[in-house]
């Protein structure tokens, strides 16, 4: 996917001044509750809309090769987000990673439901941190090895959500399948919510995150500006 290739060109600048971003003050390791926690009610609503998808599905229609490509890629891209956040949570023990990783696990299940619905064959899922897609494998390795601080990790989280947003929008645009549109639209809403959570956590630390893939107008919309 094109967005993955673009990511590699942004990571250096994203992490380059990480130490400078946090040097001004000694920020308390424990953030304020309302910025550390993801709004549980909204997350539950988003995840429930994915889980309860079966109750409102339309009759499955034919899926194209492009649909299948997007489904298989998004399954691993959601796994990428989950696995990176698990890694950062183990390293930094922050609820923002723990909570969003749980949501990403739900998102994988939602995409897998579509895959099963349409009878798409999938390769056996790899362990945490391992991927069939070479670009996603490279991105996982780059993010987990080059993020040297908590601030880097939060920036990586925001970047991952931008990648998800770009690829989900592409998947929605390129499909005529109502089921895929519905689930991908829910995933898109969730990614926007996750992006906002990472940006808020960075803001508390005095870091003004700038969008790497989204336009400023798109980014502002997700931030509620």
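Readers should treat all values here as calculations from the given coordinates under stated rules, not as data from a laboratory. Bear in mind that the values here come from a model prediction, so they are computed numbers and not experimental data. Please note: Cβ atoms are built from the backbone with ideal geometry, for glycine as well, and neighbour counts cover all protein chains shown.
Summary of computed values
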| quantity | calculated |
| --- | --- |
| Ascending count of other beta-carbon atoms within 10 Å, so fewest first, for 132, 70 | 132, 70 |
| Exposure proxy order (Cβ contacts within 10 Å, fewest to most) of 76, 162, 218 | 218, 76, 162 |
| Volume in Å³ per residue [convex hull over Cα atoms, computed for region 37-223] | 112 |
| Rg in Å to one decimal, and Dmax rounded to a whole Å, for region 150-225 via C-alpha atoms | 13.1, 43 |
| FRET efficiency estimate (nearest 0.05) - Cβ-Cβ, residue 203 to residue 146, R0 30 angstrom | 0.85 |
| Order of 63, 163 under a 10 Å beta carbon neighbour criterion, fewest first | 63, 163 |
| Prolate/oblate/rounded call for region 107-157, Cα gyration tensor, a/c under 1.5 rounded | prolate |
| Extension gain from residue 221 to residue 122, taking 0.36 nm per residue of separation minus the Cα-Cα distance | 32.1 nm |
